[in-house]
1. Would you call T29 more than 30 Å from L140 (Cα to Cα), of a type in the set (S, T, Y) and either assigned to a helix (DSSP H, G or I) or in the same structural domain as G149 (by TED's automatic domain parsing) (or both)?
2. Quick check on my filter: what residues within the range 35-94 are part of a loop (DSSP other than H, G, I, E, B) and of a type in the set (D, E)?
3. Give me the pairs: first residue in the range 111-126 and under 12 Å from A91 (Cα atoms), second residue among the aromatic types (F, W, Y), beta-carbon distance under 9 Å, and six or more apart or on different chains, which are they?
4. So, V126, is that one surrounded by 12 or more Cβ atoms within 10 Å (Cβ to Cβ), closer than 23 Å to R188 by Cβ and modelled with pLDDT of 95 or more or not?
Amino acid sequence: MIESLTERQRQLLALAILALVVSIMVTLTVVPLWASNRHYHDTIDRLDSRLVILQRVAAAGDGLRSQRDQLKRSLANNHHYLNSASEALAAADLQGIIKRIAGTNNMDVLSTQILPARKESDFSRVALKVRMRGKLDNLLKVFYTLETGLPYLFLDNVSVRSQGQNRYTVNAGYLLDIDFDLIGYMPRES
């Protein structure tokens, strides 16, 4: 059948076969390369836009981190709260405060008991159960000093009992037994 074709037809057939082979070669090699290249360019563009977003977030994070550090320093220097490393140390600080103030005001601290700490908002509530003995005027001074000083301390569940006639001393008045909860707060670590 090829022998029946003219020279011109044979040349056109050869060119058609060549074009077919070239198009098959292009389809099998160049088109997949072009498609994968386009895929990689799209991936690079997507990653570039994501990188820009992450860089913005990182820049904002640096500013927020410096603000957080500044707030931590501010809280560390804040004398309104108990500045202790742990709740147990804060309770020990409370014990030292009550013993110091009671001793200054001629009151006897009979016992202190550390109560379980509780989380309240962004703070840890540290409390002591305190039992003291002393005169009324000294008790008022102790309560005033506790509630008006720094760090902020609060009294709760106050119970005052008189010892009666046999505990009366000349020029001193009745001795009182006092039970109360002494509460302080420390900022929680974030």
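The values are calculated or read from the model by the stated rules, or taken from the named source; none is laboratory data. Since this is a predicted model, take the numbers as computed values, not measurements. Glycine gets a Cβ as well: all are built from the backbone with ideal geometry, and neighbour counts include every protein chain shown.
1. In short, yes.
2. none
3. S124/Y185; R125/Y185; V126/Y185
4. Judged against the criteria, V126 is a match.
For (1) at pLDDT 90 or above; (2) surrounded by 15 or more Cβ atoms within 10 Å (Cβ to Cβ); (3) within 35 Å of the chain's Cα centre (by Cα); (4) closer than 16 Å to P187 by Cβ, each residue gets a yes or a no:
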{"site": "A85", "(1), (2), (3), (4)": "no, no, yes, yes"}
{"site": "L94", "(1), (2), (3), (4)": "yes, yes, yes, yes"}
{"site": "G103", "(1), (2), (3), (4)": "yes, no, no, no"}
{"site": "Q113", "(1), (2), (3), (4)": "yes, no, yes, no"}
{"site": "L140", "(1), (2), (3), (4)": "yes, no, no, no"}
